[in-house]
Amino acid sequence: MNFSRTAVIFVIKKYLFGKPFYTEAVVKNIESASESLPYFETVHSTGLKFTIKIQKDDAVYGLGEAMRGINKKGYIYNSFCADDPNHTEATRSLYGAHNFIVVKTADKLFGAFFDTPAVVTFDVCYSKFDELIITSENENMTVYIIDGDTIYDIVKEFRSIIGRSYIPPMWAFGYTQSRWSYIDKDDVRRVAKGYRDFDIPLDAIYMDIDYMERYKDFTVNDKTFGKLPEFIEEMKEDGIRLVPIIDAGVKIEDGYDIYEEGVKNNYFCTDKDGKPFEACVWPGMTHFPDFLNPEVRTWFGSKYKILTDMGIEGFWNDMNEPAIFFSQNSVDATHEKIKRMASEKFTIDEFNELKYYIGSRQNCDEDYSAFYHNTPSGRFCHKDMHNLYGYNMTRSAGEALEAIVPDKRILLFSRASYIGMHRYGGIWTGDNHSWWSHILNEIKVLPSLNMCGFLYVGADIGGFGCDTTRDLLLRWLSLGIFTPLMRNHAAAGTREQECYLFERPEDFKNIIDLRYRLIPYIYSEYMKAAINNEMMFKPLAFEFPEDKVACCTEDQLLLGDELMIAPVYTQNALGRYVYLPEEMTAVRMRAGELFFTEMEKGHHFVEIAENEVVFFIRKGKAIPLCKRAKCVEELDLSTIELIGPGEEYLLYTDDGFSKDYENPANFRMLKK
Ligand code: GLC
């Protein structure tokens, strides 16, 4: 049986500027073109500048994790992995650098990937209302141009040259709970009991930085998490896995083996004098493993075994932009500045200047310019390699885990990323807030991430920063039940947001139960998207390009080939307006029961109470639904029934652990 879409003819070409660094984002051999770059007007001097005319009805899609809309027109984005906890409309860079776009104009449709580890600016009709201007101060870059008949074809071809997306174990599709931090085993037990007592499904609890001894990677605090292997087993017996965080910086501390090995073998990034570069992150002063060096990747990656040997089956890699709070240099420069200013008359302007200066010391250019990588192709300043750091940290883990546990999938996701990292792990979208606008952000970012290969994705449900509210969490869960990574996570000092702590916990249970009922569908669509290089979340614009309303609908998404979702993202809403580009069947979950309504193409106001979920099954389609269970491993797939107007559905099932993904026996056509 052929499970992929029919083959299309693509043209993909590679254009080299200067001496590009091979990022290993593209893994297929593509011939360099002899002609000059098509579509763009190119200026190549001390940097690079590519310009193309964009008209009112044109669109520019892609850029992965960038803020703002699905259609990126109207703003300016800097591709520079940034540890920025304020995701506002003014934010130009987030944790991921994802330089792939699809440009659609009246007479052109093509994809372009600007492959460079250095900063790239995408000015999408911001400086000039009718121009897309792409610039990089660095003159070395590889540009890939992909032609195709549809956006899907272009994305599929791009995905085929960057390699298959990461596939997590099936349990990682369950609901998971996190907080910075559960401070000891009893704290974790309390969370597990909270969920189990209210019969709310749960598959994992995350261990944030406090499980470590003084924030040292691959150590466990003996006082609070002593006898970790036994504890992992205890939790697993209840169907709950523990997922520890690993940070990029290695604490400088005599006697700490990882620090000592790193220094002895020159495994850390170095300063201009060749000494290990030092900067402050959570553990205090740290060194940064030189992940651009393959030997370092193998070394650091091998350390994950310390935790897998204890029974750990998943990790989240963090602070890997890398985040730098400060270096001694920046502290000294700040002191100097204060001293100098204090000796002069202090005016409001100087006060503001100082305030800005101090605020901008974190993750500053000066620090990123002060250290170096030793790569097989030479020594490079970090600033020019910046966007590859988090990618290669997760690659280090992914490649090592492949060797440590070759027969088993391990959960792995990262905060910072570059295209290419999607082969090794997923991402979460970092430190968002308990803001309604951040639910909408998540809707918009999902398809853009899928375009760039990131399929295992999700946001901190309920919001990471500031205090959540019951209604916000319920509404966010109603989106979260559809995302592959479904994790509720909150920052230290914020209100506790475990679902069982709120009034009427049964409302939370019903929504999360629905997630478990949908897992056969979500898992199948994920696996099909990974195997066939397709998008799991699609904008309406991609599916209905002739429908003007669909083309500008950015708060609804198609999920797989069968569903459309339209989550509520405003406070005190009765429901929301939904646009149906074709007739569909609305499925309403109310108090655990499902109700079906046939709906006509067009605009509708759909009432959705905060404890209900409504989603839409497309014309002629059906989806599988099983009985809920308290964790993924207890799902009974023999209870699957097909719902919706269609007659059949191609189900993907396997054991959820092993890696024989493309075995035809994993695909089963279910019929009503
Ligand atoms: C960073 C992470 C966040 C984590 C915190 C403490 O802010 O993004 O998820 O909880 O560090 O480790």
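Computed quantities for the displayed model
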read-out: Solvent-accessible area per residue, Å², over segment 625-672 with all protein chains present [probe radius 1.4 Å]; value: 53 Å²
read-out: At most 14 other Cβ within 10 Å, DSSP loop - chymotrypsin sites (Phe, Trp or Tyr not before Pro), segment 247-348; value: PHE346
read-out: Karplus-derived HN-Hα couplings along segment 51-62 (A = 6.51, B = -1.76, C = 1.60, θ = phi - 60°), whole Hz, x at Gly and Pro; value: 10, 9, 6, 10, 9, 3, 8, 7, 9, 10, 10, x
read-out: Surface/4 of the Cα convex hull for segment 556-672, nm²; value: 8.6 nm²
read-out: Contact order relative to length of segment 128-213, as percent, for alpha carbon pairs under 8 angstrom and 6 or more apart; value: 28 percent
read-out: Alpha-carbon centroids, segment 56-131 and segment 212-277: separation in whole Å; value: 36 Å
read-out: Segment 350-452: relative contact order as a whole-number percent, Cα under 8 Å and 6+ apart; value: 18 percent
read-out: Translational diffusion of segment 486-565, µm² s⁻¹ [Kirkwood Rh, Cα pairs; Stokes-Einstein; 37 °C; 0.692 mPa s]; value: 213 µm²/s
read-out: For segment 230-289: accessible area per residue (Å², 1.4 Å); value: 41 Å²
read-out: Compactness index (Cα Rg / 2.2 N^0.38 Å), segment 128-243; value: 1.70
read-out: Distance (nanometres) between label positions extended 7 Å along Cα→Cβ at LYS671 and ASP184; value: 6.1 nm
read-out: Label point distance in nm, GLU598-GLU336, each placed 7 Å from Cα along Cα→Cβ; value: 7.6 nm
read-out: Cα-Cα pairs of segment 98-171 separated by more than 19 Å (percent); value: 48 percent
read-out: Percent carbon-and-sulfur accessible area, segment 259-298, ignoring ligands, DNA and RNA, probe 1.4 Å; value: 48 percent
read-out: Theoretical FRET efficiency, 1/(1+(r/R0)^6), r = Cβ-Cβ of ALA591 and LYS408, R0 41 Å, to 0.05; value: 0.60
read-out: Helical contribution to [θ] at 222 nm, DSSP H n ≥ 4, -39,500 (n - 2.57), averaged over the chain, rounded to 500; value: -7500 deg cm²/dmol
read-out: Residue-count net charge about PRO539 - beta-carbon cut-off 11 Å; Lys, Arg +1, Asp, Glu -1; value: -1
read-out: Kirkwood Rh and Cα Rg combined as Rg over Rh, evaluated for segment 252-337; value: 1.02
read-out: Rg/Rg_ref, segment 181-240, where Rg_ref = 2.2 N^0.38 Å and atoms are Cα; value: 1.13
read-out: Accessible surface of segment 300-388 [probe 1.4 Å, protein heavy atoms]: carbon and sulfur percent; value: 56 percent
read-out: Whole-Å semi-axes of the chain's equivalent ellipsoid (Cα gyration tensor); value: 37, 32, 25
read-out: Rg ratio (alpha-carbon, reference 2.2 N^0.38 Å) - segment 277-413; value: 1.36
read-out: Semi-axes of the equivalent ellipsoid for segment 387-534, Cα gyration tensor, largest first, Å; value: 28, 18, 15
read-out: Whichever aspartates and glutamates have a C-alpha closer than 14 Å to that of LYS528, once near sequence neighbours (fewer than 8 apart) are set aside; value: ASP561, GLU562, ASP654, ASP660, GLU662
read-out: Carbon plus sulfur fraction of accessible area for segment 32-100, probe 1.4 Å, in percent; value: 47 percent
read-out: Separation between Cα centres of segment 469-483 and segment 503-542, rounded to whole Å; value: 13 Å
read-out: Distance-filtered residues of segment 399-416 - backbone nitrogen under 19 Å, label point 7 angstrom along LYS659 Cα→Cβ; value: 399-414
read-out: Enclosed volume per residue, in Å³, of the convex hull spanned by Cα atoms of segment 443-489; value: 70 Å³
read-out: Label-point separation in nm, SER127 to ASP271, each point 7 Å along Cα→Cβ; value: 3.6 nm
read-out: Karplus-derived 3J(HN,Hα), 6.51/-1.76/1.60, for each residue of segment 144-155, Hz, glycine and proline x; value: 10, 10, 10, 9, x, 7, 9, 4, 4, 4, 5, 5
read-out: Among 348-356, 503-511, 535-543, 279-287, the order from most to least packed when residues are scored by Cβ within 10 Å on average; value: 535-543, 279-287, 503-511, 348-356
read-out: The chain: relative contact order as a whole-number percent, Cα under 8 Å and 6+ apart; value: 14 percent
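The values are calculated or read from the model by the stated rules, or taken from the named source; none is laboratory data. From a predicted model like this one, the values you see are computed outputs, not experimental measurements. Glycine also receives a Cβ, built like all others from the backbone with ideal geometry; neighbour counts cover every protein chain displayed. Remember, those area values only see protein heavy atoms, side chains included, never the ligands or the DNA or RNA. Shrake-Rupley method; radii C 1.70, N 1.55, O 1.52, S 1.80 Å.
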